[in-house]
1. If you take the residues of the range 118-138 that are surrounded by 10 or more Cβ atoms within 10 Å (Cβ to Cβ) and of a type in the set (Gly, Ala, Ser), which of them is farthest from Leu17 (Cα to Cα)?
2. What are the residues in the range 85-121 that are over 19 Å from Leu32 (Cβ atoms) and part of a helix (DSSP H, G or I), if any?
3. Return only the number of the condition from (1) over 20 Å from Met22 (Cβ atoms); (2) at pLDDT 85 or above that Pro78 does not satisfy.
4. Starting from the range 68-81, take each residue that is on the phi < 0 side of the Ramachandran plot and list its partners that are among the aromatic types (Phe, Trp, Tyr) and at pLDDT 80 or above, counting only C-beta distances under 9 angstrom and pairs at least six apart or across chains.
5. How many residues, within the range 29-66, are assigned to a loop (DSSP other than H, G, I, E, B) and of a type in the set (D, E, K, R)?
6. Please work out which residue is nearest to Ala15 (Cα to Cα), limiting yourself to the range 85-117 and to residues that are open to solvent by less than 40 Å² (accessible area, probe 1.4 Å) and among the aliphatic types (A, V, I, L, M).
7. Would you please list the contacts, defined by Cβ atoms under 7 Å and residues six or more apart or on different chains, that run from a residue in the range 97-117 that is aromatic (Phe, Trp, Tyr) to a residue that is not in a loop (DSSP other than H, G, I, E, B)?
Amino acid sequence: MIAAFQLLIGILFGAGLTLSGMTDTENIRGFLAPLSGWNPQLLVVMASALTVAIPGFLITQRRQCPLLDGQFPSNTAPVINKQLIVGATLFGLGWGLYGLCPGPAITSIIYGSSDTIIFILAMVFGMFVSVQTIIKTS
């Protein structure tokens, strides 16, 4: 039952990314370049996301446990550390240079672009290196 909900949510998320233009690298680059032909279309996407997310967070804060699980996950990581700064920097560089972040990149596989496939392979390699680094330092 939970797997069916996860699949449905994933399909809905991917459809939303596609319909909103988040899988179009030109939209992203246009939004991230305010001094050269800025494309404000993604402001509507972000405002829509906040309109859904904020009430969701408020409802979640009032609950003792998630709807489909016994407890909320705990966050024991420090607020800001070296790994967070390096990861956020790499995320931002990848997003700005190519125009996709992980969710839209995976959704963009349906277009069959070799650039996107290379981006995803590089992203997966980066995740693997990150996990290996965390394992070695633990």
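1. Only one residue fits best here, namely Ser130.
2. Ile85, Val86, Ile106, Ile109, Ile110, Tyr111, Ser114, Ile117, Ile118, Ile120, Leu121
3. For Pro78, the failing item is (2).
4. Between residues of the range 68-81 that are on the phi < 0 side of the Ramachandran plot and residues that are among the aromatic types (Phe, Trp, Tyr) and at pLDDT 80 or above, the close pairs are Leu68/Phe5.
5. Number of matching residues: 1.
6. Looking at the filtered set, the residue picked out is Ala105.
7. From residues that are aromatic (Phe, Trp, Tyr), the pairs are Tyr98/Thr25; Tyr98/Phe119.
Yes/no per residue for (1) over 14 Å from Leu100 (Cβ atoms); (2) within 17 Å of the chain's Cα centre (by Cα):
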residue: Leu8; (1), (2): yes, no
residue: Met22; (1), (2): no, yes
residue: Gly30; (1), (2): no, no
residue: Ile59; (1), (2): yes, no
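The values are calculated or read from the model by the stated rules, or taken from the named source; none is laboratory data. Note that the coordinates shown come from a computational prediction; the quantities given were computed from them, not determined experimentally. Positions of Cβ are generated from backbone atoms using ideal geometry, with glycine treated the same way; all protein chains shown enter the neighbour counts. What goes into the accessible areas is simple: the full protein's heavy atoms, side chains included, and nothing from ligands, DNA or RNA. Shrake-Rupley method; radii C 1.70, N 1.55, O 1.52, S 1.80 Å.
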